[in-house]
Each structure stands twice: as C-alpha cells, then as structure tokens.
1. Filter the range 133-177 down to the residues that are open to solvent by 40 Å² or more (accessible area, probe 1.4 Å) and among the charged types (D, E, K, R), then identify the one that is nearest to Glu3 (Cα to Cα).
2. Restricting attention to the range 43-62, which residues are at pLDDT 95 or above and surrounded by 13 or more Cβ atoms within 10 Å (Cβ to Cβ)?
3. What helices (runs of 4 or more DSSP H), lying completely within the range 19-126, carry at least 2 residues that are touching a Lys or Arg at 6+ places or on another chain (Cβ under 9 Å) and more than 29 Å from Gly178 (Cα to Cα)?
4. Output the residue which, of all residues in the range 18-40 that are in contact with a Cys (Cβ under 9 Å, 6 or more places away or on another chain) and in contact (Cβ under 8 Å) with a residue 60 or more places away in the chain, is most open to solvent (accessible area, probe 1.4 Å).
5. Do we have Leu72 as over 17 Å from Lys13 (Cβ atoms), in contact (Cβ under 8 Å) with a residue 24 or more places away in the chain and open to solvent by 30 Å² or more (accessible area, probe 1.4 Å) here?
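The values are calculated or read from the model by the stated rules, or taken from the named source; none is laboratory data. As the structure is a prediction and not an experimental result, all values here were calculated from the model. Here the Cβ is made from the backbone with ideal geometry for all residues, glycine too, and neighbour counts use every protein chain on show. Surface accessibility is based on the protein's heavy atoms, side chains included, excluding ligands, DNA and RNA. Shrake-Rupley method; radii C 1.70, N 1.55, O 1.52, S 1.80 Å.
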Amino acid sequence: MNELIIGGARSGKSALAEERAREAQGSGLRVVYVATAEARDDEMARRVAAHRARRPADWALVEAPLELPAALRAQAADDVCLIVDCLTLWLSNLLFAGRAAIQAEAGEAIDCPLLTGATAALIAALRGLPGRVTLVSNEVGWGIVPLHPLARCFADEQGRLNQRVAQVCQRVILVAAGLPLVLKDLPDAGDSPASPPPAVGAAQGW
C-alpha cells in the first residue's frame, strides 16, 4: 500500500507518518526511514537532529537526497514499511542539482532532464513496490503566488508532484493543525475508510 501524507509547515504530517510507521511495526513490519534532507547549514542540522531524536532506535535509515526511486526499489519488501520524509526536500534537491533552478531564475521554460527523469522514475517505482510506503510532502500552493520566479517554479513543481504521487497512492491524508483529513482511501488500502487515523499533536509535527 502506498500512502501520501501532505500538509503545511508544522502541521503534524511527519508525526502522523511516524505514528503510522509505528503501527506497521506493531503489525510485524520492519521500518526503514528514507531521509531526503541534506544538513547544509546549522538550522537544517538542528531539524535533522530533532527528527532523528524522536525516531525509534531500531528503525533503519537510508539517505536519498537525489536517488529516491533507486532507494525505494532497493529497500522495499513485503515485510517492510518505508517512510519517506520528505518529497519536498527531494524536489528542492533536484531543482538545484539540475538545470531547473537556473532556468527559473532566468525566466526560461523549465527543461531539465534530471527533474523530469527522476519524478517519472518515482511514479513508476511506486506503481510496483511491495510492502508499505508512506510518503510525506508539503502543501505549498495555498498562499500568495510568490514574486520570485524560482519560488513560483518550486510551488508549481511541488503541486504537480503531489498530484502525480496522489494518483498512485491508495490513501492520501491532509494534515492541518495536527488533525488528519482523509482525502482518498481505496477499498483495498488495508484499513476501513470509516476509520480515519487518530489526530496527532500539532506541537509534535514538522
């Protein structure tokens, strides 16, 4: 089963994803945490440390700042729950690793093989992975349209990525103020659609 959890900053989305992973572990699955962040400054290092401190010590860790599809294919198994946190940082890494960020800054149309190929590879991977995958992503398109062209590019690409991932997930949950709202829950997703996940404390979330 693939599950997408989206929400804004400090909405509680990561806390909910971790809670879902603990439930899966309680059902006998091994948990592998797939991290996409790179601690390139002190603030990000503190964020990474906070996430690491609250995770159970027996969860495996795989770092995939760029090669996320390959990491998922390598780690997925019938007895594994993968938690990906998060697609937003992965997308940002792709924008700057390829030509997309430079093209956006120059006001050009985005034509970046790295971005296009990686996002297509992720969707293809999610269609055939065994076991359980929970992906965390930010919802960034509900505010004012950014003035900066790179910020507009990022918001557009994030929205497109969220849509594509949601299409190949059996369950999609929006988290706001620590409260989950189930947007999609197919009958074969494993849990009853009538039983939404419990709320999580907003103070715990990222």
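1. By that ranking, first place goes to Arg164.
2. Result: Trp59, Val62.
3. Numbers: elements: 42-54, 68-75, 87-97, 100-105, 113-126.
Per the criteria, 113-126.
4. Per the criteria, the residue is Leu29.
5. On the way: over 17 Å from Lys13 (Cβ atoms): yes; in contact (Cβ under 8 Å) with a residue 24 or more places away in the chain: yes; open to solvent by 30 Å² or more (accessible area, probe 1.4 Å): no.
Spelling it out, it is not the case that Leu72 is over 17 Å from Lys13 (Cβ atoms), in contact (Cβ under 8 Å) with a residue 24 or more places away in the chain and open to solvent by 30 Å² or more (accessible area, probe 1.4 Å).
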